[in-house]
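Structure record follows, encoded as C-alpha cells.
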Amino acid sequence: MTNQTKSQFIAVASITSELSAVMVVAKEISLAAANAKAIAFRAGDKAKGFQPITDFINELAKETIELVTNINIYALVLYRLTVNEFQKTVAYNKFELAAKLAGDAVYAKSMQEPVEHAKLSMQDCQRQFKRDVSQLLGQLEAVMHHARAARVIAANSRIEASQAGEYLQSLQAVAESVDKAAHTIHDNVQRCRIALSIYRNS
Amino acid sequence: MKMTKIYEGSHQWIMFGRDEGKPSNIIDTNQYVVRTANRCLLLDPGGAELFAPMMAAVLHHAPVDQITDLFASHQDPDVISSLGLWDQALTNAKLHAPAFWEGFLRHYSCESIEYVGIPDNGGTIKLESVELQLIPAHYLHSSANFHVYDPQAKILMTGDVGAAIEGPDTPVFVENFSAHVEKMRHWHQRIMPSNQAKRVWIERVRNLDIDILAPQHGRMFKGDDVKRFLDWFDALQVGTAV
Ligand SMILES: [Fe+2]
Ligand SMILES: [Fe+2]
C-alpha cells in the first residue's frame, strides 16, 4: 500500500470518528435547549427574550444532527470508494507487471485490454473520489455554518440572561454550554476539512 | 516460472511452478493448466503474490479471453487468494470451487466471475470435448476439498495430498521414492486431520487409472510411484498434533 493510499484511508476513517464526536455534542446542545426552555418558562416575563432563542437553539441542534447523519452515510460511501480504488490500483499494477513479464509470449498482446480497462476503472475511481470529497466538504461547510450561528445565539443568550433576575445563573450556564458545544463542533469539523482538502477536486 | 508439459493429446496439461521471482517467505506452489482448442482451465491458480508471473506464464499458452475456467480444490490462500485479480482480468469465466466455501471465497472478491459451487458428492467440469471428474477429498486437508481426475490423460490433481516442501530448484517429478518419503512425512501427519477420511479417499482413488499424481506443492508422482505413494499414505497415521 502506498503512503498516498494509506493517508486516504486514514482521512476517510477520521471523518467518521470526528463526526461521531460532533453528534454527541449536537445532542448535548439539544438537551441544553430543552433545559433552557424549562427555565425560561418558569422565569416567565423575566426571560421573555430568552424563549424564542431556546426554540432556535433546538432547531439548530436538530439540523446539525440531521446533517451529520447524512454526512456519515456519505463518509461510508467514500470509504467504499477508497477500498475500491485501492483494489483497482493493485490490479492495474499487477496487470502491467504481468504484461511486462509475458515479454514475447505468443499471447502477450491479449493482456493489453485488461491493462487498459484496469487503468480506466482506476482513474474513474480517483475522479469519483475527488468529486465526492468536494461534495462532502460542502456539507461540512454547512455544519460549520451552523456552529458559527450557534455561537452568535450563545452570545445573545448571555445578554438576555443578564435580564432574567434570579434565573441569571442557570440561563447563563445554558448559554455557556451552547457556546462550548458550538466551539467543539467547529474544531472537529475543521479537522475533517483539513484532512480531506488535499483530495479536493482542483 | 517454470513450465512443464505433462500431457499432450487431444488437449494439454501444463504444470507451472518453481517461480524464481517468488518471495522466499511464501510457500512454493504448483499450478496446473488444462488447455483445449479454445478454452483454458487453471487448477489451483495460486496466491495473489503469484498472479502476475502466473498470468504471464499462461500467456505462452492461451490469450486472456480464452481463460474461461478456474478451479480451487479448497479455500486456502496459497490456492486461490489471487481470485480478486482474476476477477478483474477475466470477463467471461467460471470458478469451480466447493459450494461449502462460497461465502468464504467471496471475501477475495468474485463479481464478474461466476461461482459454480461443487456439491459435496462431486461433479464434473466440461471443457469443450474434455470431461474432468471432481473427486471428493473432504478433510484432505480441508473440510470441503476436491481433486480433479482426467480419465483421458490419466492425471489426478491432488491439491495438498502428496505435497512436499522443498527448495526452488527441485525437479518436477519424484525420482527416488524412498528418499522422497522423509520430505512428505511431517507434512502429511501434520496437515491431514483424519485417518478415516484418508482411508475412504484411498479406496476411491485406487479404482482410478492414474499415470500422474499431481500435487499442489513439490514433485509429481508418475508410473509405479503413484501406487507407492498410495501404499505409503495408507499406512501413515495422520492428525498427530493432538
Ligand atoms: Fe491447503
Ligand atoms: Fe497448499
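For the reader, a short list of remarks on this structure follows.
- Every residue from segment B:117-173 that is outside any strand (DSSP E or B) and at positive phi: B:GLY122, B:GLU128, B:TYR139, B:LYS154, B:GLY162
- Residues within segment B:145-169 that are more than 13 Å from ligand 1 (Cβ to nearest atom) and under 20 Å from B:HIS11 (Cα atoms), tallied: 10
- Condition check for B:LEU59: open to solvent by less than 10 Å² (accessible area, probe 1.4 Å) and away from ligand 1 (no atom under 16 Å from the Cβ): yes
- Selection from segment A:125-165 of residues that are touching a Lys or Arg at 6+ places or on another chain (Cβ under 8 Å) and of a type in the set (D, E, K, R): A:LYS130, A:GLU141
- Residues that are away from ligand 1 (no atom under 16 Å from the Cβ), buried (at least 22 other Cβ atoms within 10 Å of the Cβ) and away from chain A (no Cβ under 14 Å) within segment B:25-38 comprise just one, B:VAL34.
- The residue of segment B:76-113 that is nearest to ligand 1 (Cβ to nearest atom), among those that are part of a loop (DSSP other than H, G, I, E, B) and surrounded by 19 or more Cβ atoms within 10 Å (Cβ to Cβ), is B:ASP76.
- Odd one out for B:PRO63, checked against (1) within 15 Å of ligand 2 (Cβ to nearest atom); (2) out of contact with any Asp or Glu (no Cβ under 7 Å at 6 or more places or on another chain); (3) free of Cβ contacts under 8 Å to residues at least 60 places away in the same chain: (1)
- Residue check for A:GLU63: within 14 Å of chain B (Cβ to nearest Cβ), in contact (Cβ under 8 Å) with a residue 12 or more places away in the chain and surrounded by 14 or more Cβ atoms within 10 Å (Cβ to Cβ): no
- Note on segment A:106-161: residues that are open to solvent by 30 Å² or more (accessible area, probe 1.4 Å) and within 14 Å of chain B (Cβ to nearest Cβ) total 11.
Results for (1) within 16 Å of ligand 1 (Cβ to nearest atom); (2) touching a helix residue (DSSP H, G or I) at 6+ places or on another chain (Cβ under 8 Å), shown as yes or no for each residue.
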| position | (1), (2) |
| --- | --- |
| B:GLY123 | no, no |
| B:GLU128 | no, no |
| B:SER143 | yes, yes |
| B:ILE191 | yes, no |
| B:THR240 | no, yes |
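- Within segment B:167-183, the set of residues being surrounded by 13 or more Cβ atoms within 10 Å (Cβ to Cβ) and in contact (Cβ under 8 Å) with a residue 60 or more places away in the chain comprises B:THR170, B:VAL172.
- Going through (1) at pLDDT 85 or above; (2) part of a helix (DSSP H, G or I); (3) not aromatic (Phe, Trp, Tyr) one by one, A:GLU160 falls short only on (1).
- Qualifying residue in segment B:69-87 (condition: more than 15 Å from ligand 2 (Cβ to nearest atom), touching a residue at least 40 places away in the same chain (Cβ under 8 Å), closer than 24 Å to B:ALA163 by Cβ and acidic (Asp, Glu)): yes
- Residue within segment B:171-186 that is more than 14 Å from chain A (Cβ to nearest Cβ) and within 16 Å of ligand 1 (Cβ to nearest atom) present: yes
- Condition check for A:THR89: assigned to a helix (DSSP H, G or I), crowded, with 16+ Cβ neighbours inside 10 Å, out of contact with any Leu (no Cβ under 7 Å at 6 or more places or on another chain) and among the β-branched types (Val, Ile, Thr): yes
- Any hit, segment B:39-56, residues being open to solvent by less than 10 Å² (accessible area, probe 1.4 Å), away from ligand 2 (no atom under 16 Å from the Cβ) and either among the hydroxyl-bearing types (Ser, Thr, Tyr) or out of contact with any helix residue (DSSP H, G or I) (no Cβ under 7 Å at 6 or more places or on another chain) (or both): yes
- Scanning segment B:47-80 for residues that are under 9 Å from the mean Cα position of the chain (by Cα) and either within 14 Å of chain A (Cβ to nearest Cβ) or of a type in the set (Gly, Ala, Ser) (or both) returns B:ALA72, B:SER73.
The values are calculated or read from the model by the stated rules, or taken from the named source; none is laboratory data. Here the structure is a predicted model, which means the values were calculated and not measured. Virtual Cβ from ideal backbone geometry, glycine too; neighbours counted across all protein chains shown. Note: areas computed on protein heavy atoms with side chains; ligands, DNA, RNA excluded. Shrake-Rupley method; radii C 1.70, N 1.55, O 1.52, S 1.80 Å.
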